[in-house]
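To start, the structure under review is shown below, and the notes come after it.
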Amino acid sequence: MSGIRIRGTGCSLPRQTVTNQDLSRMVETSDEWIYARTGIRERRRCVEESQCELALNAARAALEMAGASPADIGVCLVPTITPDYITPSTACMLQKELGMPEDTVCFDLSAACSGFVFGLHTAQALLAYSRRKYGLIVCSEVLSRITDYTDRGTCILFGDGAGAAVVEYSDRYAPMPSVLGARGDRESLYAPGIGRGEPPVLHMGGTQVFKFAVETVPECIRALLDRAGLTPEDVDQFVFHQANRRILERVMKKMGIPEEKVWMNMEHYGNVSSASTAIALDDAVRAGRLAPGQKALCCAFGGGLTWAGALVELA
Ligand SMILES: CC(C)(COP(=O)(O)OP(=O)(O)OC[C@H]1O[C@@H](n2cnc3c(N)ncnc32)[C@H](O)[C@@H]1OP(=O)(O)O)[C@@H](O)C(=O)NCCC(=O)NCCS
């Protein structure tokens, strides 16, 4: 039985910062309200950068940390809900730009904010059938493209950015435990696609999503730890989807997880959908909060409604 470990991580963030004060000039809100309800102070917004450029830069940073070359990549996945093109996939564009071999399995993956963990799970499964033993997961989002800046209930939450990880598949590693789920919910959090006759912007029932998250995330953590035969004390760092500080505080309280074991960066980047968890993991690694041999529990939730958790180890 083989499994994956994380070899390298990276991220890329657009230059422009949008503060809560900036938003308070666009909708009726305030820095105090936003910070108290979400823990967010600012987020990034693409002006000149494309979704593919962000992905490329994050991928390069992760490859560099891993000491891996594009020629080593057997599987390249791009979880995203805001690709530059419907076709070709961003993964195919990365294949060309980075120079990955033609038989690298490249595709985009749609699992909203749970995308990074869906990507880790899928990469582990597909690498079993690949001649090359490295996988590249690149979450890249330009949520500002699908944000309604007249809706104060949503526009305060979202930001743009990309996060990436290079994983190594080996028979030296045990399979990475993961738990994934989806509920087939089209009302709580959705953005209409082409041909729906509506602007393609995010709609959200904030209270429903909040409730869903504070119930589902602890269940997901419990299922994951049970599967791995571990307790929260065995986890070195919890790396959650950075949707909202209050959601994570409820989760910590329910699970008895101390705050110093939870990496949080939503204050600076807001909710970057699939990229949130990947950026948080990269941040935690670069800040020295996760070292080789240590375990991180990644858990995310979002549109679908989906949820996903994985216990990752650093190589
Ligand atoms: C969006 C969210 C911050 C709203 O906070 P909340 O405490 O649930 O607030 P409510 O929606 O109940 O609204 C309370 C009041 O604040 C108002 N309000 C909403 N957004 C506001 C804003 N940006 N600024 C000021 N007031 C605002 C509402 O209009 C409402 O006013 P009313 O009582 O006069 O009707 C919160 O529901 C949330 O974080 N949900 C989860 C969202 C999430 O994580 N989504 C992504 C998942 S991947």
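Readers should treat all values here as calculations from the given coordinates under stated rules, not as data from a laboratory. None of the values given here were measured: they were computed from a predicted structure. Here Cβ is always computed from backbone atoms with ideal geometry, including for glycine, and neighbour counts include all displayed protein chains.
Things to note:
- Of the DSSP H helices in the chain, those whose Cα atoms cover at least 18 Å axially and whose Kyte score averages 0.0 or more: 51-66, 206-228, 274-286
- Rounded to the nearest 20, the size of the Cβ-charge dipole of region 53-180 about its Cα centre is 280 debye, with Lys and Arg at +1 and Asp and Glu at -1.
- Spin-label model, residue 129 to residue 182: label points 7 Å out along the Cα-to-beta-carbon direction sit 1.8 nm apart.
- Added length on full extension, which subtracts the Cα-Cα distance from 0.36 nm per residue, residue 33 to residue 259: 79.1 nm
- Nearby lysines by direct alpha-carbon distance to residue 211 (threshold 18 angstrom, same-chain neighbours under 8 apart not counted): 253, 254
- Spacing of the modelled spin labels on residue 16 and residue 222, each 7 Å from Cα toward Cβ, amounts to 4.5 nm.
- Cβ crowding within 10 Å averaged over residues, with 215-222, 248-255 ranked highest first: 215-222, 248-255
- Taking each residue as 0.36 nm, the span from residue 234 to residue 107 lengthens on full extension beyond its C-alpha to C-alpha distance by 42.3 nm.
- Rg then Dmax, both in Å and based on the Cα atoms of the chain: 18.1, 56.
- Structural descriptor for the chain: relative contact order 26 percent, calculated from alpha carbon pairs under 8 angstrom and at least 6 residues apart.
- Centroid-to-centroid, using Cα positions, region 112-177 and region 224-285 are 15 Å apart.
- Proximal aspartates and glutamates relative to residue 261, as straight alpha-carbon distance under 13 Å, when same-chain residues fewer than 8 apart are discounted: 233, 234, 236, 249
- Partners for residue 133 among lysines (Cα-Cα distance below 27 Å; same-chain residues under 8 apart left out): 96, 295
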